[in-house]
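Engineer: Shown below is the structure under consideration.
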């Protein structure tokens with residue numbers, strides 16, 4: 001069960017604003033491929049309530065084309081430079097080791113890997129860095145989402161086996177546990193079946209109790225929301241996204257990654273105002 005409003009309002013989750021510097025992201029591919037457009041959009045998201053800008057230079061959806069790591073880095077470099085020059089907190093979303101090494105050299109605040117850092121050769125660099133690591137579970141293991149037809153119970157079994165092993169491996173390699181953030185994955189990263197994402201979202205408390213780590217969720221415009229609402233266009237999922245994000249916040253999510261920080265921040269403010277009125 002989600003927390004009561006008066007309890008949920010005590011700690012507001014940190015908002016990650018999504019900036020896709022890509023051609024084929026599922027909801028906004030091509031819009032921010034130009035560095036100037038990506039930088040301008042980043043400032044807008046920060047003004048609207050984002051505290052961290054999550055930069056992705058290669059789409060990870062089912063239909064996305066592979067992107068060479070060198071191209072990812074070329075896309076990221078001017079945007080990171082502009083954001084860091086003005087003190088913005090930056091997260092880099094990439095599963096390519098070369099891109100991750102680049103991001104660590106740039107001293108980004110967060111490194112976000114949809115495959116949960118499977119490459120042990122990178123672990124010494126991860127241990128030596130100060131970046132916080134978003135360790136995400138995805139059923140495909142490596143690479144982009146695949147949309148496998150997996151039921152909710154099997155997803156839970158796979159997810160807990162993954163996190164048990166991966167957190168242990170990272171800690172053994174010297175990565176401080178307080179630098180780790182758990183991301184259960186959502187949408188096609190879990191299953192093509194909406195029930196899998198709904199089950200994970202409904203039981204975030206089980207993950208917090210088991211792992212005692214902060215949790216990041218990325219629900220914005222995900223496929224399972226289309227299945228629930230019947231709305232096919234990602235840009236039509238604003239209300240559905242906000243409902244899912246507020247549920248996640250009320251259930252203890254510590255970080256929420258979203259395309260629309262303004263809507264989420266407004267929703268959180270209303271939630272907090274209701275809680276304050278109840279006291």
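Engineer: Please go through the stretch 170-201 and give me each residue that is more than 15 Å from residue 134 (Cα to Cα), surrounded by fewer than 23 Cβ atoms within 10 Å (Cβ to Cβ) and either in contact with a strand residue (DSSP E or B) (Cβ under 6 Å, 6 or more places away or on another chain) or in contact (Cβ under 8 Å) with a residue 40 or more places away in the chain (or both), ordered by number.
Structural biologist: Result: 173, 174, 192, 193, 195, 198, 199, 201.
Engineer: Mind counting the residues in the stretch 248-270 that are touching a helix residue (DSSP H, G or I) at 6+ places or on another chain (Cβ under 8 Å), outside any loop (DSSP other than H, G, I, E, B) and buried (at least 18 other Cβ atoms within 10 Å of the Cβ)? Working first, answer last.
Structural biologist: Restricting attention to the stretch 248-270, the residues satisfying the condition of being touching a helix residue (DSSP H, G or I) at 6+ places or on another chain (Cβ under 8 Å) are 248-253, 256, 258-261, 263-264, 267-268.
Narrowing the set further to residues that are outside any loop (DSSP other than H, G, I, E, B) leaves 248-250, 256, 258, 261, 263-264, 267-268.
Those left that are additionally buried (at least 18 other Cβ atoms within 10 Å of the Cβ): 248-250, 256, 258, 261, 263-264, 268.
Residues flagged as touching a helix residue (DSSP H, G or I) at 6+ places or on another chain (Cβ under 8 Å), outside any loop (DSSP other than H, G, I, E, B) and buried (at least 18 other Cβ atoms within 10 Å of the Cβ) within the stretch 248-270 amount to 9.
Engineer: Considering the stretch 57-90 alone, what residues qualify as being over 20 Å from residue 39 (Cβ atoms) and either in contact with a helix residue (DSSP H, G or I) (Cβ under 6 Å, 6 or more places away or on another chain) or surrounded by fewer than 20 Cβ atoms within 10 Å (Cβ to Cβ) (or both)? I'd like the intermediate steps shown before the answer.
Structural biologist: Of all residues in the stretch 57-90, those over 20 Å from residue 39 (Cβ atoms) come to 60-66, 68-70.
61, 62, 63, 64, 65, 66, 68, 69, 70 - these are the residues of the stretch 57-90 that are over 20 Å from residue 39 (Cβ atoms) and either in contact with a helix residue (DSSP H, G or I) (Cβ under 6 Å, 6 or more places away or on another chain) or surrounded by fewer than 20 Cβ atoms within 10 Å (Cβ to Cβ) (or both).
Engineer: So which residues in the stretch 1-30 are modelled with pLDDT of 85 or more and in contact with a helix residue (DSSP H, G or I) (Cβ under 7 Å, 6 or more places away or on another chain)?
Structural biologist: Step one: of the stretch 1-30, the residues modelled with pLDDT of 85 or more are 12-22.
Those that are modelled with pLDDT of 85 or more and in contact with a helix residue (DSSP H, G or I) (Cβ under 7 Å, 6 or more places away or on another chain): 12, 13, 15, 17, 19, 21.
Engineer: How many of the residues making up the stretch 212-241 are surrounded by fewer than 23 Cβ atoms within 10 Å (Cβ to Cβ) and in contact with a strand residue (DSSP E or B) (Cβ under 6 Å, 6 or more places away or on another chain)?
Structural biologist: Total meeting the criteria: 3.
The values are calculated or read from the model by the stated rules, or taken from the named source; none is laboratory data. All of these numbers come straight from a predicted model, not from anything done at the bench. Neighbour counts run over all protein chains shown; Cβ positions are idealised from the backbone, glycine included.
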